[in-house]
Amino acid sequence: MSGFSFCLILLLPICTRAQDLPECAIPHTTAAITIDGRLNETAWAETSVIDEFSFPWWTAGAKDRTEVRLLWNDDYLYVGFTAFDPHISAEYDKRDDPVSRDDCVEVFIAPDTSAVNNYYNFEFNARGTILDRSPKMERSSQWNANELQVAVSITGTLNDETDTDSLWTTEIAIPFKAFAGYAPHLPPQPGDVWRLNLYRTGGKINLQYITWSDTKMHKPQFHAPEHFGFAHFLAATTTNKD
C-alpha cells in the first residue's frame with residue numbers, strides 16, 4: 001500500500017470536503033452480502049453512514065433524511081440506501097422505465113477520474129425497478145449491467161396515501177465487470193479513487209431532490225459529472241473479514 005493510502009485509512013473521515021467536493025471512503029469486505037434489502041449483515045453495521053445531503057432545489061416541505069453505506073469486494077460495489085419517507089410511492093415496473101418520477105435512489109459513477117464524462121448511472125425506484133446507462137451504446141437503454149442486483153424492503157405501505165410510512169431500504173450490488181473498458185483497474189485496487197454522486201428523487205407527496213455532491217445546476221439536474229465527489233477504495237481490515 002502506498003503512503004497516501006496509508007494516511008487515508010488513518011485520517012480520512014467518511015465524508016469530508018476537498019475543493020468544495022465531498023469525499024468518502026469505501027471499506028473492503030470479505031463477508032458475504034445477501035441482496036435482500038435488509039442491510040442486516042455485520043459488514044453494513046460496521047460501515048460509516050453518509051448522511052450529509054444537500055437540497056439545492058428545495059422550496060417547501062419536509063427534508064426527508066437519507067442514509068447511504070458503501071462497501072466493496074473483488075466482484076461488486078455494494079450500496080445501501082435508507083430513505084426515510086412518510087409517503088412511499090412507485091408505479092414503474094419495467095427495466096429502464098423513467099423510475100426517477102417515482103420515489104427513487106440513484107448512483108452515478110465515473111470509474112476513471114481523468115475521463116469523468118464516461119460515467120454510469122444506476123437508478124432504482126421503491127419497487128426495485130432498474131434504469132441503467134453506461135458510456136457504451138451511446139447511453140442507450142439497449143445496454144444493461146449483467147448481474148446487477150437490487151432488493152427493496154419497505155416499512156410502510158407502497159402507494160397508499162392514506163397512511164403514514166416510515167422508510168424504504170435499497171440494497172444494491174453493482175458488478176465491477178460492468179465497468180470493463182472504462183476503469184483503470186478491475187477490480188479496483190486499494191488506494192484507487194473513483195468519482196461518484198448519490199441522489200434521491202421523486203415522490204407523489206413532498207417531492208424530493210437530494211444530492212450528496214451539489215451539482216450547481218439552477219434546475220434539478222443530476223447529469224453533472226464534473227461535480228461528482230471522490231470515493232476512495234480502502235484495503236481489507238481485520239474488522240470486516242469473515
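The values are calculated or read from the model by the stated rules, or taken from the named source; none is laboratory data. Just so you know, these numbers come straight off a predicted model, no measurement behind them. Neighbour counts run over all protein chains shown; Cβ positions are idealised from the backbone, glycine included.
For first residues located in the range 92-112 and part of a loop (DSSP other than H, G, I, E, B), partners that are of a type in the set (Asp, Glu) and surrounded by fewer than 24 Cβ atoms within 10 Å (Cβ to Cβ) and lie 6+ apart or on another chain with Cβ distances below 8 Å form the pairs 96/132; 102/91.
Across the range 65-79, not a single residue is classified as under 16 Å from residue 151 (Cα atoms) and over 14 Å from the mean Cα position of the chain (by Cα). Highlighted here would be strands (runs of 3 or more DSSP E) found entirely within the range 180-242 that include at least 2 residues which are under 20 Å from residue 62 (Cα atoms) and without any contact (Cβ under 8 Å) to a residue 12 or more places away in the chain, but there are none. Every listed requirement among (1) part of a strand (DSSP E or B); (2) touching a helix residue (DSSP H, G or I) at 6+ places or on another chain (Cβ under 7 Å); (3) aliphatic (A, V, I, L, M) is met by residue 145 save one, (1).
Looking across the range 178-208, the residues that are within 30 Å of residue 158 (Cβ to Cβ) and either in contact with a strand residue (DSSP E or B) (Cβ under 6 Å, 6 or more places away or on another chain) or surrounded by fewer than 17 Cβ atoms within 10 Å (Cβ to Cβ) (or both) come down to 196, 197, 198, 199, 200, 201, 202, 204, 205, 206, 207, 208. The set of residues in the range 1-60 being under 27 Å from residue 128 (Cβ atoms) and at pLDDT below 50 consists of 14, 15.
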